[in-house]
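Trainee: Below: one structure in structure tokens.
The values are calculated or read from the model by the stated rules, or taken from the named source; none is laboratory data. Nothing here was measured: the structure is a model prediction, and the numbers come from that model. Cβ sites come from the backbone with ideal geometry, for glycine too, and all protein chains shown count toward neighbours. Protein only, heavy atoms only, side chains kept; ligands, DNA and RNA dropped before computing areas. Shrake-Rupley method; radii C 1.70, N 1.55, O 1.52, S 1.80 Å.
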Amino acid sequence: MNKLTQKFLVVSLLALAGCEGEANSGRLVGFIVDGQTGQRLNFFKETGEKGNLGDDGDSTSQVYAIIDGEFRRARPCGRGDLNDKNAIEADGCFQIDNIPEGMTVPVFAQAPGYERFVGEYTYSLLDYDQEHAQKVANIRLFPKGFSVDYRINVTFNNNPVPNAQIICQYTPTTANTLQVSGIFLEPVTTGTTTVSATSNADGVAAIPGSALVNGASYRCEAVMAQSMDGVTLAGQGNFTAGVSQAEQRMGLTTSGSTDTLLYAVRSTGDDTTRLMGADGKLAITFNRPVEVVPGTADCQYAVASIGYPDADGVTGAIYPTPAGSTTNGVSESVTAEVSSDGLTLTLGFKAERPFDPDDRGTYVTFSGIIVRPRGTTSSSELRAIGGVGACPAVSGYTVGDVSNLRTGGADQISYIQLF
């Protein structure tokens, strides 16, 4: 939906909902729809002599948000203005008023027979000169037990590719909404965010719908553990669980010559504008299972830098590496954990003093993280995140940098921003 269309929809719904509200606050307006059929769901009953729509507080079908720690139920659009004579069909239209500017609020929707929707919404002004504005975001509710199993057909030059690894990761958008057949609020998942499968002899990889969150967007990467004629084959694709068609095609392309069979598919550091918070971590997903090279923990370190004056006078800090501790077999400042399937390496830092939002512009940079394909002993396959530095465990070896497929083969970003 382009910007002009969105503004037209906003103006149209403003006519239904009115314009009052608190200063520097806004309204969320949208429709509730059945995610399987696309039909609108009406949570509001007729009340009064003219058949106006009212809020049924006793109903088990509700849309509500948590604002300033309190539950706030959505109200029907129009709030009594609709009747049989005006012929405006706004069934299922809801509104949540007085959302403070810049506040992220949890949004919930529930109805009998449907999975509960859980999302988040951050209100921001449409234009800088507006005190009150309205945003549109619809909500999909999916029937309980509904799911779509996806078949990803992997090809290269229109021929099926067997043994390609497909890694699909839940990717919440940086904006509030998901652009699929309208503007829909993105569901939030706290469960498994990565699903993987391997293409069979026919080049088909099966992703079970039960492992996905309906309505959530997923980005899939197809990677090969082996090169073909000196080049790496890779492909990307996106789909929305429960909404996109079940048959997906992913064409592999050559990503250029490479001397490595180990690289990053994606990481939480790919979006350099993302703020990670006090317990921020750098999670890196690889094209094949990895392990941290034994004996290199002493080489791992993290440093923090703060770009703005600290507001409360107490600056967070990372444990330093004291003299004489480079041979004790541990890192004083870094935690490095590899997932059970070996595909994801998660780097954290050890805080001597905790960081807080007053430490604005805080970056943490990791160095000396050395990995290799799980089970290999070849010294030619060692790869580093943040450089090697003076690491006795790999002295005399040539250690390349981990490259990231999503950033076009550039070196893997080794820093995160906390606040």
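Trainee: Throw me the Rg/Rh for region 331-415, computed over C-alpha atoms with Kirkwood Rh, two decimals.
Mentor: 1.00
Trainee: Spin-label point model (7 Å from Cα, Cβ direction): what's the SER325 to GLU70 distance in nm?
Mentor: Label at SER325, label at GLU70, 4.9 nm between them.
Trainee: Hey, got the dipole for region 318-383? About the Cα centre, +1 on K and R Cβ, -1 on D and E Cβ, debye to the nearest 20?
Mentor: Here the size comes out at about 240 debye.
Trainee: Could you state the accessible area per residue of region 295-355 in Å², with a 1.4 Å probe and every protein chain left in place?
Mentor: 53
Trainee: Give me the number: length gained by fully extending ASP271 to ALA311, i.e. 0.36 nm times residue separation minus the C-alpha to C-alpha distance, one decimal in nm.
Mentor: 11.8 nm
Trainee: In nm, what is the difference between 0.36 nm times the number of residues separating VAL303 and THR376 and their Cα-Cα distance?
Mentor: 23.3 nm
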